[in-house]
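Novice: Please find one structure pasted underneath; my questions will follow.
The values are calculated or read from the model by the stated rules, or taken from the named source; none is laboratory data. Predicted model only: the values in this text are computed from it and were never measured. With ideal geometry, Cβ positions are generated from the backbone for all residues, glycine too; neighbour counts draw on all protein chains shown.
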Amino acid sequence: MIELPEAINLAKQMRETVRGKTVSAVYPPSSPHKFCWFNHEPEEYQALLAGHTVTGAAGFGIFSELEFDGGVRLCFNDGVNPRFIRKEEVRPKKYQLLLEFTDGSAIVFTVAMYGSISCHSGDYDNEYYRKSIESISPLTEEFDEGYFKELLASVKPAMSVKAFLATEQRMPGLGNGCLQDILFQAGIHPKRKVSSLSDCEKNVLWAQVKTVLQTMTEQGGRDTEKDLFGNPGGYQTLMSKNTWASGCPACGGEIVKENYLGGAVYYCPSCQKMEEEKR
């Protein structure tokens, strides 16, 4: 699933790869998906995009967005997988949208579980899209300790740290994937209540949110996710489906994997205790 590091890197790759290309055709789903949502009928995307030239791309929150001349935009969110297809490459038979350029290359969009692909002119009124753009990004200077503590104070004390980090897009683009390494590096159990965090732990958590997300972004996204060319990201996750069977990278102990709040969590019960250790 696309989170902030992947959204930013997909946008960078699209700028480098398709900026200046002109859309020749847009193909609607070859394999309809009931959990892939469009803000127009997919067949209408041809009239909306054909003849327009890519001028740029942006990544923010859980969205990446292609920008075209005339103010037209095509955005997709965390559940969508875009792939660049060269002219000489075989195109996949199943997709939810295919954007073909005049030079014969294309971008193919597929959805595994759920996702949205929306065409608009700056008037896309979607709650998560607006939050992704308008909320303060963890990668900016504005996301300082004071702002982070304001976010902590705004939630119910009984809320778990995982829920605080991953729900409501309080920190745009931070989801269940990225939070695993953040919590491991901070030494905080995902089920800890927000009210149980000491001031020191809050400072450490804020610092790790910024540091881990920045590192993931600089290294091209996580190795659990694919980039525009189908390659895994360069950031090697510490707590993920790729690593949990190998043991804790810090103490060598067993990593626990369990379902919690709608997704898997990975943690080391020795390094991430349910209570703060007294020193």
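Novice: Please go through region 234-263 and pick out each residue that is over 19 Å from the mean Cα position of the chain (by Cα) and among the aliphatic types (A, V, I, L, M).
Specialist: ALA245, ALA250, ILE255, VAL256
Novice: Are any residues in region 119-132 surrounded by 15 or more Cβ atoms within 10 Å (Cβ to Cβ) and outside any strand (DSSP E or B), and if so, which ones?
Specialist: Across region 119-132, the qualifying residues are TYR124, ASN126, TYR128, TYR129, LYS131, SER132.
Novice: Could I ask something else about it? Do you know which of the residues in region 62-118 that are among the basic types (Lys, Arg) and part of a loop (DSSP other than H, G, I, E, B) is surrounded by the most Cβ atoms within 10 Å (Cβ to Cβ)? Quick ask: steps written out before the conclusion?
Specialist: Of region 62-118, the ones among the basic types (Lys, Arg) are 73, 83, 86-87, 91, 93-94.
This time we only want the ones that are part of a loop (DSSP other than H, G, I, E, B), so: 86-87, 91, 93-94.
Details: ARG86: 11, LYS87: 10, ARG91: 13, LYS93: 7, LYS94: 11.
The selected residue is ARG91.
Novice: Which pairs have Cβ atoms under 8 Å, sit 6 or more apart or on different chains, and link a residue in region 130-153 that is on the phi < 0 side of the Ramachandran plot to one that is in a helix (DSSP H, G or I) and of a type in the set (Phe, Trp, Tyr)?
Specialist: Between residues of region 130-153 that are on the phi < 0 side of the Ramachandran plot and residues that are in a helix (DSSP H, G or I) and of a type in the set (Phe, Trp, Tyr), the close pairs are ILE136/TYR147; GLU145/TRP206; PHE148/TRP206; LYS149/TRP206; LEU151/PHE164; LEU152/PHE164.
Novice: Sort through ALA7, ALA11 and tell me the only one that's among the small types (Gly, Ala, Ser), modelled with pLDDT of 95 or more, buried (at least 19 other Cβ atoms within 10 Å of the Cβ) and more than 22 Å from ARG91 (Cα to Cα).
Specialist: ALA7
Novice: In region 163-197, how many are outside any loop (DSSP other than H, G, I, E, B) and within 22 Å of the chain's Cα centre (by Cα)?
Specialist: Counting residues in region 163-197 that are outside any loop (DSSP other than H, G, I, E, B) and within 22 Å of the chain's Cα centre (by Cα) gives 13.
Novice: Turning to a different aspect of this structure: GLU88: in the same structural domain as ASN9 (by TED's automatic domain parsing), of a type in the set (Asp, Glu) and out of contact with any strand residue (DSSP E or B) (no Cβ under 8 Å at 6 or more places or on another chain), yes or no?
Specialist: Criteria met by GLU88.
Novice: With ALA57, ALA7, ALA47 as the choices, which residue is of a type in the set (Gly, Ala, Ser), touching a residue at least 12 places away in the same chain (Cβ under 8 Å) and assigned to a helix (DSSP H, G or I)?
Specialist: ALA7
Novice: Which of the residues spanning region 239-255 are aliphatic (A, V, I, L, M), surrounded by 15 or more Cβ atoms within 10 Å (Cβ to Cβ) and more than 17 Å from MET1 (Cα to Cα)?
Specialist: ILE255
Novice: So for region 20-30 (the condition being of a type in the set (Ser, Thr, Tyr), surrounded by fewer than 19 Cβ atoms within 10 Å (Cβ to Cβ), part of a loop (DSSP other than H, G, I, E, B) and assigned by TED's automatic domain parsing to the domain that holds SER121), does at least one residue qualify?
Specialist: Yes: region 20-30 contains one or more residues that are of a type in the set (Ser, Thr, Tyr), surrounded by fewer than 19 Cβ atoms within 10 Å (Cβ to Cβ), part of a loop (DSSP other than H, G, I, E, B) and assigned by TED's automatic domain parsing to the domain that holds SER121.
Novice: Which ones in region 251-279 are among the aliphatic types (A, V, I, L, M) and in contact (Cβ under 8 Å) with a residue 24 or more places away in the chain? Break it down stepwise before answering.
Specialist: Step one: list which residues in region 251-279 are among the aliphatic types (A, V, I, L, M), which gives 255-256, 261, 264-265, 274.
Matches in region 251-279: LEU261, ALA264, VAL265, MET274.
Novice: Select from region 143-162 the residues that are within 23 Å of ASP78 (Cβ to Cβ) and not in a strand (DSSP E or B) and list them in ascending order. Spell out the reasoning first.
Specialist: In the first step, residues of region 143-162 are kept if they are within 23 Å of ASP78 (Cβ to Cβ); the result is 143, 148, 151, 155, 159-162.
PHE143, PHE148, LEU151, VAL155, MET159, VAL161, LYS162, listed by residue number.
Novice: Evaluate the following for LYS210: is it touching a residue at least 60 places away in the same chain (Cβ under 8 Å), out of contact with any His (no Cβ under 9 Å at 6 or more places or on another chain), in a helix (DSSP H, G or I) and of a type outside the set (A, V, I, L, M)?
Specialist: So LYS210 fits the description; yes.
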